[in-house]
1. Peptide B:140-148: average number of partner chain Cβ atoms within 10 Å per residue?
2. Determine, from the Cβ-Cβ distance of residue A:456 and residue A:65 and an R0 of 41 Å, the FRET efficiency 1/(1 + (r/R0)^6), rounded to the nearest 0.05.
3. Measure nothing fancy, just the Cα-based angle from helix A:181-195's long axis to the longest principal axis of chain A, in degrees from 0 to 90, nearest 10.
4. Taking all protein chains in place and a 1.4 Å probe, what share, in percent, of the accessible surface of the protein assembly as shown do carbon and sulfur account for?
5. Of A:150, A:480, A:449, whose Cα points farthest to the positive end of the dipole of chain A (charges on the beta-carbon: +1 Lys, Arg; -1 Asp, Glu; origin at the Cα centre)?
6. Rank by packing, highest mean first: peptides A:177-186, A:251-260, A:441-450, with packing defined as the count of other Cβ atoms within 10 Å averaged across residues.
7. Put +1 on the Cβ of each Lys and Arg and -1 on the Cβ of each Asp and Glu in chain A; which of A:332, A:460, A:268 then has its Cα farthest toward the positive end of the dipole?
8. Using the alpha-carbon atoms, what tilt in degrees (0 to 90, nearest 10) does helix B:2-25 show relative to the longest principal axis of chain B?
Amino acid sequence: MKLFRIRGGVHPDPRKDATREKTIVDAPISAVLHLPLQQHIGAPARPVVKVGDHVLKGQVIAEAAGPVSATVHASTSGAVAAIGPVPVPHASGLAAPAITLAPDGKDTWAEPMPPLPDDAEPAAIAARVAAAGIVGLGGATFPSAVKLNLRERHKLTTLVMNGAECEPFLTCDDRLMREHAEEVAAGVALMARALGVGRTLIAIETNKPEATAAMTEAAALHPGIDVAPVPTRYPMGSEKHLVHTLTGLETPARALTADIGVVVHNIATAFAVYEAVKLGRPLVSRVVTVSGGAVAEPKNLRAVLGTPISDLIALCGGLTAEPQEILSGGPMMGQPLRSTDIPTVKGMNGILALLPSDTRRGPAHACLRCGTCVTACPCGLLPLEIAANIRNGNFDAAVSAGLMDCIGCGSCAYACPSRIPLVQSFHYAKGHIAAEQRVKQHNEEAKRLAQQKAIRQEKLAAERKAMMEKKKAAAAAARAAQEGTAEP
Amino acid sequence: MLEAIVGLTALGGGLGVFLGIAAKRLHVESSPLEGDIEAILPGQNCGQCGYPGCAAAAAAVAKGEAPVTVCPPGGRPVAHALAEKLCLAVDLSGFAETGPMVARIDETVCIGCTKCSRKCPTDAVIGAAKQIHGVIADACTGCGACVAACPAGGIRLEPIPVTLQSWYWPKPGTGKTPRSGNGVLTQ
């Protein structure tokens, strides 16, 4: 198969050896589970249970609120202990609303949803995916059902299944493809049916030959599904770059891959789709790679959602040294965490405890204008130029230099010899611009409200005046009438 | 040839005289700058700046009597826009930035007098007579008009809490938060 070369990218040491031969192990249910209402992009889910209710595994505890949202299910049986804010996996360390479960230890499943037949309608598959609360499990956490319904608005030709797993350390998708190839392939076939595409490509980086072999064998049962080995290069798993590699089509700036007829889904999402459609099980667990130099015995664990990550680290023998950094996700795009007292969520593909020797923290030096970041940028941007504008508070110039086209992949920061935190500065600028826009919008809305109130008050004053005059006139007329009757 | 020269000269001269007279007769006294400045200001006439309404504040800013940091609810973005409009180099770092505020009514104190809802320039306070009032946070500008109006002293301005939706990474080198995880790996 002909592949197309993408620009830029880096070759970080994959460091996957610690977990690539580790079979997925089921993690036991923890003593307490926190299920955040927002584990996806979009509106937070709305709780449908009360404190004290007894729930069964797989029962809906919070329903999707709006078109872009995702349902949350109880990940084990037990009692609802609390509904309130808990710390969530986020760089800010802030708390967000969650439902806390006290497991009863029986792990009793609720009645499963009826399995759908092989010839199910595309809309029925998408509706089941929505009911199962499935979101993009590669980390983007966009509600999958919304993407499966893209056929309504776009002319789709190709489904690309993302099994690239280009982030160092992570092997959860690799293991899932090796151990559950048939289920994954069946899930892929269901997604292709839902989207109505004729061609499906399962993209796997060449550093995963076992997964490629397993998936090739499993995909042979499904016509129209092919496995496409792609070069090992970061960020191959970025959807726009993966589509470019496979089809040669470039996604326009700030557009969707669907605009060029391609939809990208993660391989772990396909497994969840298989479970939801064929077994009637909602998304209540996921595979997480726990790795990094500070972890005693790195493993791939299947954890129920809500499991505290401190318990997952403990299952891996705990930490052997004080980690420099604990990340949720991979080392290139992961979020630094402030504590391990946070729950496992749908989008969490890895937990990394990195040693100082794994990371290159330290004071940033001045920019040499060497251009290494320009060579590394897979989007063809000039990271040094954008960062210089941001440093000087010149946000408009940063935007016109392409800030909004940055995918935040971290290639530039990884390659920078001066250790300049380029991506942080891009995150800061994007957040700052969004915040200013919110303030502007708020001010405009306030101005509109103030004007409306002024108009209303004027109208009321005029009405009052008219009323007073009418009363005065009536009183004068009455007086005149009285005088008239009194006179003769 | 001569006709063309005479004709065009007469046309030019005539139009010149016409424009001259028009400029004199249609001359507008007020500075257009005031209007531009008023458009930048939030326009709620809350009076926090000490001037009677946004138009008066705009006039004062245009005359140079008031600083560009005149508008507390507008905050840093408005001050920045004003400084740009007036081509002034203003050090906004010294501008006391309390952050956006929102009014909050203490339900145990509220007597339902509707004084605050009548004073609110943006109709952000809801509630009828003898009913406990509430604030629609999205419509509140934190101008504080209701705080002064409340006879029971039951309204406070509180900073708007930071949420997952509004939080963003600090500028590198300024915050105490850990640096972003992106590309932390050793080469």
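1. Taking the mean over all residues of the peptide, I get 1.
2. 0.80
3. 40
4. On the protein assembly as shown, the fraction of accessible area on carbon and sulfur atoms equals 58 percent.
5. Of the listed residues, the answer is A:480.
6. Result, highest mean first: A:177-186, A:441-450, A:251-260.
7. The one lying farthest along the dipole's positive direction is A:460.
8. Around 40 degrees separate the two axes.
The values are calculated or read from the model by the stated rules, or taken from the named source; none is laboratory data. Since we're looking at a predicted model, the values are computed, not measured. Note: ideal-geometry Cβ built from the backbone for every residue, glycine included; neighbour counts use all protein chains shown. Note: areas computed on protein heavy atoms with side chains; ligands, DNA, RNA excluded. Shrake-Rupley method; radii C 1.70, N 1.55, O 1.52, S 1.80 Å.
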